[in-house]
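Notes follow the structure.
The values are calculated or read from the model by the stated rules, or taken from the named source; none is laboratory data. All values reported here derive from a predicted model rather than from experimental measurement. FYI the Cβ positions are ideal-geometry reconstructions off the backbone, even for glycines, and counts take in every protein chain you see. When the accessible area is computed, the model is the full protein with side chains, heavy atoms only, and any ligands, DNA or RNA have been set aside. Shrake-Rupley method; radii C 1.70, N 1.55, O 1.52, S 1.80 Å.
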Amino acid sequence: MSRTTLLSLAKALGVSRTTVSNAYSRPEKLSVELRERIFATARELGYEGPSPLAASLRKGRTDSIGVLFTDDLGYAFSDPVSTLFLAGVARQLQEAGHALTVLSAPRSGGSGPMSRAMVDGLIVYSVDEDSPGLAVARKRAIPSVLVDQAPETGVACVNVSDRVGAEAAVAHLVEQGHTAIAGVAVAAGASGAAAEQCVLVGKNATSRSFVVRERMAGWRKGCKAAGLPPPVMVSCPANTAAHGRHAARLLLDADPRPTALVCLSDELALGVMAELAAHRLRVPADVSVVGFDDSPAAAMAQPPLTTVRQPARDKGALAAQLLLDRLRTSETGSSQLLATELVVRSSTAAPPADPSRSRKGRRHAGRADR
């Protein structure tokens, strides 16, 4: 059986192709009776309406906005901060009658679907600067707004005060009396390349991620202001609790072992805390832990996690509105820097009076676990 098309439907009705098209796209040009007759015949013949793709090509727009991630799609919908960000984006787009297309270009792959994506505009969200997907987006000259990216001339950008927040985290630990502070980051190294597993990195480690660079810079600045050496750091390949656990194991073997850990995210911090508990180390009595983001799980952790709050949902809504404004007016719009806030909870306290007791406790735990 041949597929019913707009033209064959018009022939069956004895009307022009334009008349049928108007019934779907410009109904005010037809009488109610004629429209109903066209729709009834369409149902009988199994005609589902004009092709959305063809309609988009005719209009020159898709009414869809893309969000480009470095990480895979599963991460976009499982990471608590990413989901809050997407919720903020979706709220603004829905009010404007736009759809949301989520795209990824993982570190381990190529440009992904970015070369084929049909979107009117793009929100580039915390994407590595050497991402093939980002390179394709730039080549296609898709109207964009940058989020958690290094500012660029002629492109609106939404960032949070990552460096200030990270420095505040270290300052808080210093006030508590800590002098042995270590950091847990993601995708950092001497050249900025991401390793395939958690590794100790040098004091001058950089990253291809703007956010990672800013938060590491804040940790270093906080240590320098207190007269302390740069923090020992572990870099993880991804922002997950499992990698936070691995990072904690590496730092527990450091000499001297840190009494406080600052983490790039709450997810990493929660993994760190779980690993410390597995080694019978108490938070904060033996080791203090600070996260970043203030995800919903931070306040519910045991103990509740001290962290740096960022407005993830508002950041998404603002980015979407800036992009919608650009599509409507062709003006770039102003860049925005959102504030962070240190939220002190129960995962931080003064360092142990005798750090060697904690080391002994860990050795005993290790024997018990074997």
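Annotations
- Qualifying residue in the stretch 32-40 (condition: touching a Lys or Arg at 6+ places or on another chain (Cβ under 6 Å), of a type outside the set (Lys, Arg) and open to solvent by less than 50 Å² (accessible area, probe 1.4 Å)): no
- The requirement of being modelled with pLDDT of 85 or more and hydroxyl-bearing (Ser, Thr, Tyr) is satisfied by Thr41.
- Subset of the stretch 202-244 that is among the basic types (Lys, Arg) and more than 21 Å from Thr340 (Cβ to Cβ) - its residue that is least open to solvent (accessible area, probe 1.4 Å): Arg208
- Selection within the stretch 118-134 - in a helix (DSSP H, G or I) and open to solvent by 10 Å² or more (accessible area, probe 1.4 Å): Pro132
Conditions (1) among the basic types (Lys, Arg); (2) modelled with pLDDT of 95 or more; (3) more than 18 Å from Thr332 (Cα to Cα), marked per residue:
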{"residue": "Phe77", "(1), (2), (3)": "no, no, yes"}
{"residue": "Leu86", "(1), (2), (3)": "no, yes, yes"}
{"residue": "Ala96", "(1), (2), (3)": "no, no, yes"}
{"residue": "Val102", "(1), (2), (3)": "no, no, yes"}
{"residue": "Ser126", "(1), (2), (3)": "no, no, yes"}
{"residue": "Ser131", "(1), (2), (3)": "no, no, yes"}
{"residue": "Ala137", "(1), (2), (3)": "no, no, no"}
{"residue": "Val147", "(1), (2), (3)": "no, yes, no"}
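- Selection within the stretch 316-335: residues that are modelled with pLDDT of 95 or more and in contact with a helix residue (DSSP H, G or I) (Cβ under 6 Å, 6 or more places away or on another chain). The member of this set that is most open to solvent (accessible area, probe 1.4 Å) is Gln321.
- Residue identified as within 19 Å of the chain's Cα centre (by Cα) and free of Cβ contacts under 8 Å to residues at least 24 places away in the same chain among Gly121, Gly112, Gly133: Gly112
- Flag if Ala150 is touching a residue at least 24 places away in the same chain (Cβ under 8 Å), open to solvent by 20 Å² or more (accessible area, probe 1.4 Å) and more than 14 Å from the chain's Cα centre (by Cα): yes
- The strands (runs of 3 or more DSSP E) found wholly in the stretch 135-238 and carrying at least 3 residues that are of a type in the set (A, V, I, L, M, F, W, C) and more than 30 Å from Ile65 (Cβ to Cβ) occupy 181-186, 199-201, 232-236.
- Of everything in the stretch 22-31 that is exposed (fewer than 15 other Cβ atoms within 10 Å of the Cβ) and under 45 Å from the mean Cα position of the chain (by Cα), the residue that is farthest from Gly49 (Cα to Cα) is Glu28.
- Residue within the stretch 193-201 that is surrounded by fewer than 17 Cβ atoms within 10 Å (Cβ to Cβ), without any contact (Cβ under 8 Å) to a residue 40 or more places away in the chain and of a type outside the set (A, V, I, L, M, F, W, C) present: no
- Residue within the stretch 339-354 that is within 21 Å of the chain's Cα centre (by Cα), surrounded by fewer than 16 Cβ atoms within 10 Å (Cβ to Cβ) and modelled with pLDDT of 95 or more present: yes
- Inspection of the stretch 290-297 finds no residue satisfying the criterion of being open to solvent by 10 Å² or more (accessible area, probe 1.4 Å) and under 15 Å from Ala182 (Cα atoms).
- Going through (1) loosely packed, with under 15 Cβ neighbours inside 10 Å; (2) of a type outside the set (D, E, K, R); (3) part of a helix (DSSP H, G or I); (4) touching a residue at least 60 places away in the same chain (Cβ under 8 Å) one by one, Ala277 falls short only on (4).
- The condition (being in contact with a strand residue (DSSP E or B) (Cβ under 9 Å, 6 or more places away or on another chain) and either free of Cβ contacts under 8 Å to residues at least 24 places away in the same chain or open to solvent by 30 Å² or more (accessible area, probe 1.4 Å) (or both)) is satisfied by just one residue among Arg313, Arg282, Arg309: Arg309.
- Number of the condition not met by Glu167 [criteria: (1) without any contact (Cβ under 8 Å) to a residue 40 or more places away in the chain; (2) within 16 Å of Ala260 (Cβ to Cβ); (3) among the charged types (D, E, K, R)]: (1)
- Checklist (1) surrounded by fewer than 24 Cβ atoms within 10 Å (Cβ to Cβ); (2) touching a helix residue (DSSP H, G or I) at 6+ places or on another chain (Cβ under 7 Å); (3) more than 27 Å from Pro304 (Cβ to Cβ); (4) not acidic (Asp, Glu) applied to Ala188, failing item: (1)
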